[in-house]
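Shown next, in structure tokens, is the structure this report addresses.
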């Protein structure tokens, strides 16, 4: 169980009543699994709709005439190029180009944005953004919201039955369907789905309606992790750290070409130099041979036994039907199909570099 | 007649004729969640109480299962290589982990009976 100093979800009573088993994550007491168990929860999300309480993550509203220049400084982003309602994956970078956090930024107005930050980094992100904001006419305001995700092929239908129409909202678009609501078509599972930030009272109503729908099941953090890993999505603190830059993390696609070339964001010079040099190590998918999972921290070796990198996330992929992992390997080895080896309790497990994702993304793009 | 013993690490031992069949309890499998891999020991391996005998892996994590007493592995449950979920569905039956020849039956005196184990997890 978790210590007394951990933070508690506003809807904790609902999770407890649903039979959740709690555990500590990023300073929060979080539902890890419900009685269905991680395997069923994972598969249910891919087949129907999974409901996740992600209120440990933080929503910030960034607004004012200085919103564009602030975001363009803090992130390798052209915030002004985003259309209204458009969402984008971006990063807070340090001067060395290292990833302080990965964020989803959504433009809601000419100079109004919603930023979604990771739980473990939220306080540091806020401090960082506020320090930078001092030079601009801009407000950085953390929002007091319950944050829910509903993911899976039947997520839209379940929301529709609960009175929320999602039809015109496409993948990586966000809107404000009701007062103090923020809803985006995005997620962390590789499936079609939505993330909704809303006041607690509204959240209790919405959860009650969704739970009447047999297509909807509560999903804990354990399945959230196996779903995102199969989908090849990174977890900050494991797959991304302040010591990794977007080039090593194979996330340069998230940085627009003109921003790469001439952006003046924090870390721009270091990142351009890193791209020029080429990263020494690169993030790749890893498919262990056989059934034995290879987990975070495992050392990787090439065929000759030389150190080749390490695993940053690993477990079993219930939909893939085999162990799945990702990690960093020497750039020369970062080609799908390359056979390397992972050290698991002294044994060398054969592992093949694999393309990501392990399960195809099924986003609703049009 | 076989006698069943329990440990505070949530293992059970069914002892008959100097051989103990060892598994984890239903309580333990519930705590671990869905198992996806069991690393089995080799026959003939000698274990001292407290040594890691088996590693059970759930979707999320790997957990050690310790030898509850001294002895020598006589058999591992090879069915678990293809179906580790047996440990979840039949923890105290078909989901047994290994059999061991006891080195010192006197060590059994330090273990719990079922009533004591039930009180331990209550």
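What follows is calculated from the coordinates using simple rules that are stated; it is not laboratory data. This is a predicted model, so every value here is computed, not measured. Virtual Cβ from ideal backbone geometry, glycine too; neighbours counted across all protein chains shown.
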TODO: Mind running the shape call on the stretch A:1-134? Use the C-alpha gyration tensor, a ≥ b ≥ c as the square roots of the eigenvalues: rounded below 1.5 for a/c, prolate if a/b tops b/c, oblate otherwise.
DONE: prolate
Task: GNM flexibility winner over chain B from B:62, B:91, B:20 (Cα, springs under 10 Å) - done: B:62
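For the stretch A:58-105, what does the relative contact order come out to in percent, with C-alpha contacts under 8 Å and a separation of six or more?
This gives 26 percent for the stretch A:58-105.
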Task: Over chain A: helical MRE at 222 nm, DSSP H runs n ≥ 4 each giving -39500 (n - 2.57), nearest 500 - done: -6000 deg cm²/dmol
TODO: Percent of Cα-Cα pairs per 5 Å bin, from 0 to the last occupied bin, for the stretch A:280-366, please list those.
DONE: 3, 16, 29, 25, 13, 7, 3, 2, 1, 0
Open item on the list: Under the 0.36 nm per residue contour assumption, what length would be gained going from the current alpha-carbon distance of residue B:27 and residue B:72 to full extension?
Closed with: 13.6 nm
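Of A:252, A:39, B:100, how do they rank once you tally other Cβ atoms within 10 Å and put the fewest first?
Fewest-to-most ranking of A:252, A:39, B:100: A:252, A:39, B:100.
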Open item on the list: Once you place label points 7 Å from the Cα toward the Cβ at residue A:160 and residue A:86, how far apart are they in nm?
Closed with: 2.8 nm
- [ ] List the relative contact order of chain A as a percent without decimals, with contacts defined as Cα pairs under 8 Å and 6+ residues apart.
- [x] 18 percent
- [ ] Taking only Cα atoms and a 10 Å spring cutoff, compute GNM fluctuations for chain A and point out the largest among A:80, A:193, A:346.
- [x] A:346
Open item on the list: Tell me the mean residue ellipticity at 222 nm calculated for chain B from its helices only (DSSP H runs of n ≥ 4, each -39500 (n - 2.57), averaged over every residue, nearest 500).
Closed with: -4000 deg cm²/dmol
- [ ] Please build a GNM for chain B, connecting alpha carbons under 10 Å apart, and tell me which residue among B:103, B:67, B:76 fluctuates the most.
- [x] B:103
Task: Principal axis dimensions, largest first and in whole angstrom, of the protein assembly as shown by Cα - done: 82, 56, 40
- [ ] Using Cα pairs closer than 8 Å and at least 6 residues apart in sequence, work out the relative contact order for the stretch A:280-366, in percent.
- [x] 35 percent
Task: Whole-Å distance, taken between Cα centres, linking the stretch A:120-185 and the stretch B:38-101 - done: 46 Å
Open item on the list: With 10 angstrom as the radius, rank B:97, A:32, A:300 by how many other C-beta atoms surround their C-beta, starting from the fewest.
Closed with: A:32, B:97, A:300
Open item on the list: Just want the ordering: A:224, A:178, A:260, A:185, from fewest to most Cβ atoms lying within 10 Å of their own Cβ.
Closed with: A:178, A:260, A:185, A:224
